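Remarks on the structure that follows.
Here, each number is a calculation from the coordinates, and none is a lab measurement. It should be emphasised that the depicted structure is a prediction, and the values quoted were computed from it without experimental measurement. Cβ atoms come from the backbone with ideal geometry, glycine included; neighbour counts cover every protein chain shown.
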Amino acid sequence: MALVENKIFYVGDIVKESPLISLPDQESMVGIVTFVDRQMFGAYTPKIKYEDMIGVMWLETGTIEKIPASLLILVQAAKSKQ
């Protein structure tokens with residue numbers, strides 16, 4: 001799991017690209033979280049905390065890409081409290 005802005009990512013979650021990384025004039029790609037590497041990405045300074053690296057399989061292409069958790073938006077959680 002990964003904690004980003006009070007959001008927790010799990011394997012199986014549906015996510016989409018943040019507007020910061022999506023291509024102009026195109027909808028954000030949607031994908032499924034395939035793995036979470038905790039605390040694997042960040043600057044080497046005490047002011048910036050490390051964040052989790054998320055493996056996402058993009059539904060459009062079938063490719064798996066590693067993305068920092070802060071650049072993903074949760075669309076649908078795999079686990080629900082209901």
Practice task
Work out the FRET efficiency for ASP25 and SER70 from their Cβ-Cβ distance, taking R0 = 30 Å, and round it to the nearest 0.05.
Solution key: 0.80
Completion exercise
The answer for VAL36, listing residues at least 5 apart or on another chain whose modeled amide H is closer than 5 Å to its amide H, is GLY55
